[in-house]
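Down below is the structure, laid out as structure tokens.
The values are calculated or read from the model by the stated rules, or taken from the named source; none is laboratory data. In this text the structure is predicted, and so the values were computed from the model without any measurement. Positions of Cβ are generated from backbone atoms using ideal geometry, with glycine treated the same way; all protein chains shown enter the neighbour counts. For the accessible areas, the whole protein counts, side chains as well, though only heavy atoms, and no ligand, DNA or RNA atoms are used. Shrake-Rupley method; radii C 1.70, N 1.55, O 1.52, S 1.80 Å.
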Amino acid sequence: MRLLGSILYDSVYHTTPILLCVLGGIFAYKAGVLNIALEGFMLSASFMSMLVAGLTGSVALGYAAAFASCLVLWLVFSYMGVTRRGNVIIIGLAINMLVPAIAGFVLQIMGTANLTLPWLNVGDMKVNLPLIRDIPVLGNMLSGHPVTTYLAFLMIPLMGVLMYRTRLGVYIRVVGENEDAARSLGLRTDRYKYLAVLIGALFAAFAGVNLSMERMALFTNNMTAGRGFIAIAAIYCGRGSPAGSAMYAIVFGVARALAVNLGLFAGPAASLIDIVPYVVMTLVLTMVSVVKRRNNRLRGFVGG
Amino acid sequence: MSKGKWGPKMLNSILPVLLAFGIGAIVILLIGEDPLEAYGIMLGKSLLTTKGFLNTLHYAAPLLLTGLAIAVTFKANIFNMGVEGQLLFGGFFAGIAGAYLPVGDPLLHKLLCFAVGMGCGVLFAMIPALLKAYCHVDEMVVTLTLNYAMIKVLEYLSTGPFREAGSGYVCTPTVLDSAMFYRLGSSRITAFFFVALGAFLLVWFVMRRTRLGYEITAIGKNPEFAEATGMRVHRKIIVLMALSGALAGLAGTGFMLSEKFKYTLSFSGNPGLGWDGMLIALLGRHSPAGILIAAVFYSALKTGADNINMYTHVPKEIVAVIQSLMILFLAVQFLDERYGLLARLKARKGAKADAITR
Amino acid sequence: MSAIRTVNLTRTFDGFVANDRINLTVEPREIKCIVGENGAGKTTLMNMLYGVLKPTSGQIYIHDEPVAFRSPLDAMEKHIGMVHQHFKLVPSLTVYENILLGVELNRKWRGRPTPLIDRDAEIQTVEALIETYHFQLDPREKVQNLSVGLCQQVEILKMLYRNVSILILDEPTSVLTPQEVDVLIRKLKDLRDAGKTIIVITHKLREVMALSDSVTVIKQGRVVGDMRTSQTNERALAQMMVGRDVVLTVQNDGCCACGRHPAYSVHNLTAENEAGKQVLHNISFDVCQEEILGIAGVEGNGQSELVKALSGLMTVTGGSVTLGGQDCTNDWPDELRRKGLGIIPEDRYAQGLCMEMSIADNCVAGHCEAVSRFGVFQRRKVKACRDRYLQKYDIRVAEAEGTVSQLSGGNAQKIIVARELENRPQVILACQPTRGVDIGSIEFIHSQLLQFRNAGNAVLLISSELSEVLSLSDRVLVMYNGCIIGTVNPRTTTAEEVGLLMAGAKPSSGEESA
């Protein structure tokens, strides 16, 4: 029972950053500028929030720094990828390499291997929901998370509305599907690509802060450990629909929670359990692709 | 490839490098050091002294191979981002073979290690390759995430079953003498450099002169055409990924047998030889000679990084920063004004062709 | 006052003069047809009028006011709208969303607009618009489920909602059935009577006569004729367009070879599309040695799928294909080639050629065995092969070492024809072999196909150009909705009769003569 409760709580806990990345990333996906730099965006938010909070002693400034850093990266990514028409995959990978390089450089100068906030009590960040926390098992799962976690799950329907019921969402989808059509009606397509990437950057900032400051008040380099890529995989699997992609994000979160909790019993092979989320991701990606193409009889590799 | 575009092409490779170094210089200034001095130490020793240059060539060997491993897949518009994982996997088991196989003959032992290392590289590349070829799974996402899985697997193997018992840190046993490449003369360079060069020339020949190279180029430029003229694109993707994985495995094996001799958790460094390969493939702009130059240049940078740590207060992590900036700038065609003019003329020609077909 | 007037409008691309001092006048409330051969410069002219291209020199006047459009937006501001040949629609959106794209109606709350789109109001608006112009459309339907004819109506409505007074249509009838063409002609005349000025670009002269008030003929970038439609006829227009008397120059006058040994047989072929919907229904036919079998039909009735299935790009769900006695159902393209099938694909720049590769590389594609040894190319042989094709097929290139992208449509197509014919197949699958090709090359390609047939081989000709099918084939099948709906003898059947079949009308017994 303890184990079940812990698995359930951890599922929500591990889903949060992936879910945030997914909800932000679907817009760039729909706009046709696949943002694989989510990993880097997230890591920079993790790093900057801890760095600035550590230097100033203010959690709020930490948040601000996280967002500022993601905005800078957003501008870099969009300018290079949208305005200058560079290869977004390579730009994304470059940002994913640049962020840990800078973090490593700064950590080296500071002469430390990781950042901590000894004065910050992580427990204070957690919100216990009255009433709900008293429900057995479920209460344990739903209550006691940082605000960001609740926000992340609330965002699923909100992003659905944004994508399907507002001009911004419609235009972003149109830009990705038929840019010519959008341009022929006078839509400034580049602007919507910028905005699509911006939404991803803001969500990745939340995810990054959640990962480092809110959960453990700890930053180690490369702590995002491929979560951005897993989010990309979830977006692929859900084909960019908010509900569908979010569902896959939850699948991956649950996989990680299972791996972590069962890993306690694995003894020396514990590090082997860590590969479960990655393997699950590959399997899910394959299954989705097979199901999607079950009726396809065309040969060849046009359009993926 | 038509002639006469060398100027802008070269500049498009050189400008991002200069820009990245420029930003790196600002960073060095910010921490109160002299960038010129740092760069001087970094590049001077590794390029301008004979011994330094030979060391540079030594470190260039695996980079040349990983650069090639990525460049060949770029050619077909396939993104094998798993070169890092393939290299680690190949290197690890080449090291195991080198340490455990009691083969007395040095040549045979090395050949066996290469076979194991390249085989492992191919094996690991087959997962994304088969998924791509038969299930149309995006190879980029799969290779990116499987890298993490591979690192974890090797972490388990090197801390568990294959850990060297007497060592104070996590590592596998040192390879036997018969598997080691020995230094030639006083520098670090070994015969492996020539193995790498040989592989490089062979791949160059395959890409330029053979049917396979031709088909790979066609797949990259127009996959529909390639399929319609009977090139069996899915099979070629598997062959190509196998080639890429073999090159990565070769790089890992060579690095193991000529430099590291045992697997440690930081075997491939940070950001890893596979990632360096991507920079080299981009810098070389898909031309073999370009890849060779880029590998040597980048190797000079990396060996220089150690000198920087020794002689100045600049952390050697600056190299990783400069490297990722280079990749970032290389993603964009810089000479937009001149190059863009050419491109625009081409587009017009395209529009004309359009007009004619209507 | 004229609606549109151009003075010495000129446009060059890299020294190639696409439009040479065009003086065009379009009166208000008239339907103007602009006709010309492929490559005559019609589309370039329209793109300048619509602001897609900037003129190299010359001036455009809209309602006698000089304009310099920088983009289509400027043109729209002057109430000019264009319906492109390739529709600018978003398939996953509905009809109403497409029509109101960019001018969405927002939901109001206490009189102030909210960020949310008001779907109900949008649907009502579009319904009213459809009503006004008497179109038949369901605004809630997704565009991806519409037929091409209806997609065109959505495009036209999109322009009408934006209140255009001048409507330009680029090749609007090329993808329509004869019945849909009639509907379109009626609609356009209604619009003219409602006060719109309409410009139609086309090369189909029959439609010009049925539709327009005045017509301008363009040839090689110049205006060569400008007259009221009532004062001319099809023949005169054709003569002006091409510069000489053309009525289908290459004619199949060989005798019908039916009854001989079948070289290529298709039996009960069925295929499904990605959505699992059946798109080919029990297709069966034989192509005999020394026969050209034509397949006619309006585009989108399964010909594309048939071609994909026969050329190894798509697997079928049932039936069989045999070539020279060997089964080749679901073979891959390389196996098909080895068994003796030559393929001239539907879209030459997608499946037939690689534009960014050299001419020589394109010449040996799919037939590498002859020019390589142990997988290594022998450069000398590759070059010899290229030079042989260039000479024998009269392919004109500026630079033999250059890429295919530098070639005109006709010369590019001739490379495919050379490649496929020179490798000695027994059967040629020729799909739209002369689409977008100049008259000279059309003649050449047609005569090559006839020569190939006369040498004792079989040709399966699939084309949406009815005149081509009728003049070349020994026997003609008509495809409708994924089925073979009838077989006709092209010597004894008129285009009108075939047209009825193409529209799905069941043949009366007398027409099944062949």
At least 10 Å² accessible surface lost relative to isolated chain, residues of segment C:71-94 (1.4 Å probe): C:72, C:73, C:76, C:85, C:86, C:88, C:89, C:90, C:91, C:92, C:93
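Would you rank A:274, C:74 by solvent-accessible area, highest first, keeping every protein chain in place and using a 1.4 Å probe?
On the way: A:274 60, C:74 35 Å².
Putting A:274, C:74 in descending order of accessible area: A:274, C:74.
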Residues of segment A:219-267 buried by at least 40 Å² on assembly (accessible area, 1.4 Å probe, chain alone as reference): A:229, A:236
Chain B: most fluctuating residue of B:28, B:280, B:238 per GNM, C-alpha cutoff 10 Å: B:28
Shape of chain B, Cα gyration tensor, a/c cut at 1.5: oblate
Relative contact order computed over segment C:4-242 (Cα-Cα under 8 Å; 6+ residues apart), in percent: 29 percent
Computed accessible area, residue C:71, all protein chains, 1.4 angstrom probe, square angstrom: 40 Å²
Cross-link partners of residue C:108 among aspartates and glutamates (Cα-Cα below 15 Å; sequence separation of 8 or more within a chain): C:118, C:120, C:122
Alpha carbon centroid spacing (whole Å) that separates segment B:162-185 from segment C:340-383: 51 Å
Whole-angstrom gap from segment A:151-202 to segment C:74-91, using each part's C-alpha centre: 22 Å
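Solvent-accessible area per residue for chain C at a 1.4 Å probe radius, Å²? Let's see the in-between values first.
Details: 21450 Å² over 514 residues.
The answer is 42 Å² per residue.
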Karplus 3J(HN,Hα) series, Hz, for segment C:142-150 with 6.51 cos²θ - 1.76 cosθ + 1.60 (x for Gly, Pro): 6, 4, 5, 9, 8, 6, 4, x, 5
Nearest-0.05 FRET efficiency for residue A:290 and residue B:205, computed from C-beta distance (R0 56 Å): 0.90
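Percent of Cα-Cα pairs more than 18 Å apart in segment A:153-231, please. Kindly include the intermediate steps, with their values, before the conclusion.
Details: 1678 of 3081 pairs.
I get 54 percent for the Cα pairs in segment A:153-231 exceeding 18 Å.
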Dipole of segment C:23-90, positive direction: furthest Cα of C:46, C:57, C:87, with charges on the beta-carbon: C:87
Cβ-placed point charges (K, R +1; D, E -1), dipole of the protein assembly as shown about Cα centre in debye, nearest 20: 1740 debye
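Between the DSSP loop rule and a limit of at most 12 other Cβ atoms within 10 Å, which chymotrypsin sites (Phe, Trp or Tyr not before Pro) in segment B:159-221 are left? Display every interim value, and only then the final one.
Working: sites: B:162, B:169, B:181, B:182, B:192, B:193, B:194, B:200, B:204, B:205, B:214; in loops: B:162, B:169, B:181, B:182.
Loop-located and lightly packed - B:169, B:182.
Assuming 0.36 nm per residue, please report the length gained on full extension of the stretch residue C:423 to residue C:194 beyond their Cα-Cα distance.
Numbers: separation 229, 0.36 × 229 = 82.44 nm, distance 5.83 nm.
Full extension from residue C:423 to residue C:194 adds 76.6 nm.
Taking the DSSP beta bridges in segment C:4-242 as the whole, what percent of them are antiparallel, to the nearest 5?
On the way: 25 of 44 bridges.
Bridges in segment C:4-242 are about 55 percent antiparallel.
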Percent carbon-and-sulfur accessible area, chain B, ignoring ligands, DNA and RNA, probe 1.4 Å: 66 percent
Loop-located trypsin sites (Lys or Arg not before Pro) in segment A:259-304 whose Cβ has at most 16 other Cβ within 10 Å (DSSP): A:293, A:294
Surface accessible to a 1.4 Å probe, residue B:159 within the full protein complex, Å²: 60 Å²
Long-range amide H partners of residue C:167 with built H, under 5 Å: C:81, C:197, C:198, C:199
Estimated distance in nm for a label pair at residue C:481 and residue C:17, the labels positioned 7 Å out from Cα along Cα-to-Cβ: 5.2 nm
Proximal lysines to residue B:260, defined as alpha-carbon separation beneath 19 angstrom and excluding residues fewer than eight positions away on the same chain: B:110, B:302
Integer Hz, Karplus 6.51/-1.76/1.60 couplings in order for segment A:239-255, x for Gly and Pro: 6, x, 7, x, 5, x, 5, 4, 4, 5, 4, 5, 4, 5, x, 5, 4
Estimated vicinal HN-Hα couplings, Hz - segment C:373-388 in sequence order (Karplus 6.51, -1.76, 1.60; Gly, Pro = x): 10, 6, x, 9, 5, 9, 4, 4, 5, 4, 5, 4, 4, 4, 5, 5
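Provide the FRET efficiency to the nearest 0.05 for the residue C:1-residue A:72 pair, computing r from the beta carbons and using R0 = 51 Å.
Details: r = 56 Å, r/R0 = 1.11.
Efficiency computed from Cβ-Cβ geometry: 0.35.
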The protein assembly as shown - share of DSSP beta bridges that are antiparallel (%, nearest 5): 60 percent
Accessible area of residue C:193 in the full protein assembly, 1.4 Å probe (Å², nearest 10): 110 Å²
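Roughly what % antiparallel, to the nearest 5, for the DSSP beta bridges in chain C? Display every interim value, and only then the final one.
Working: 47 of 84 bridges.
Roughly 55 percent of the beta bridges in chain C run antiparallel, per DSSP.
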Shape call, segment C:4-242: gyration tensor on alpha carbons, a/c limit 1.5: prolate
Bins of 20 Å from zero: percent of alpha-carbon pairs in the protein assembly as shown: 10, 35, 36, 17, 2, 0
Among A:30, A:126, A:193, residue whose mean-square fluctuation peaks in a GNM of chain A (springs only between Cα atoms under 10 Å): A:126
Residue (of C:103, C:352, A:96) at the positive-pole extreme of the protein assembly as shown, dipole from beta-carbon charges: A:96
Under 16 Å from residue C:219, Cα to Cα: lysines that are on another chain or at least 8 residues apart: B:352, C:42, C:204
Candidates B:304, B:95, B:121: whichever shows maximal mean-square fluctuation once chain B is modelled as a Gaussian network with Cα springs under 10 Å: B:304
Accessible solvent surface per residue of segment B:34-312, calculated while the other protein chains remain in place, 1.4 angstrom probe, Å²: 34 Å²
Amide hydrogen neighbours beyond the local backbone of residue C:376, cut-off 5 Å, H modeled: B:211
Buried on assembly, segment A:74-107 (at least 40 Å² less accessible surface than by itself, 1.4 Å probe): A:80, A:84, A:89, A:90, A:93, A:94, A:97, A:98, A:101, A:105
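May I ask you to derive the relative contact order of chain A, considering only C-alpha pairs under 8 Å and at least 6 residues apart, and to give it as an integer percent?
Details: 484 pairs, mean separation 105.2, N = 304.
It rounds to 35 percent for chain A.
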Candidates per chymotrypsin sites (Phe, Trp or Tyr not before Pro) in segment C:310-393, loop by DSSP, up to 13 other Cβ within 10 Å: C:374
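What percent do you get for the relative contact order of segment B:121-204 when only Cα pairs under 8 Å and 6+ apart count?
Values: 35 pairs, mean separation 9.1, N = 84.
Normalised by residue count, the contact order of segment B:121-204 is 11 percent.
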Efficiency of FRET from Cβ geometry, residue C:326 and residue C:73, R₀ 60 Å, rounded to 0.05: 0.55
Hypothetical label at residue C:496: residues of segment C:161-194 whose amide nitrogen lies under 18 Å (7 Å Cα-Cβ projection): C:178-183
Three-way shape label, segment B:124-257, alpha-carbon gyration tensor, a/c 1.5: oblate
Only Lys, Arg (+1) and Asp, Glu (-1) charged, at Cβ; segment C:4-242 dipole about Cα centre in debye: 360 debye
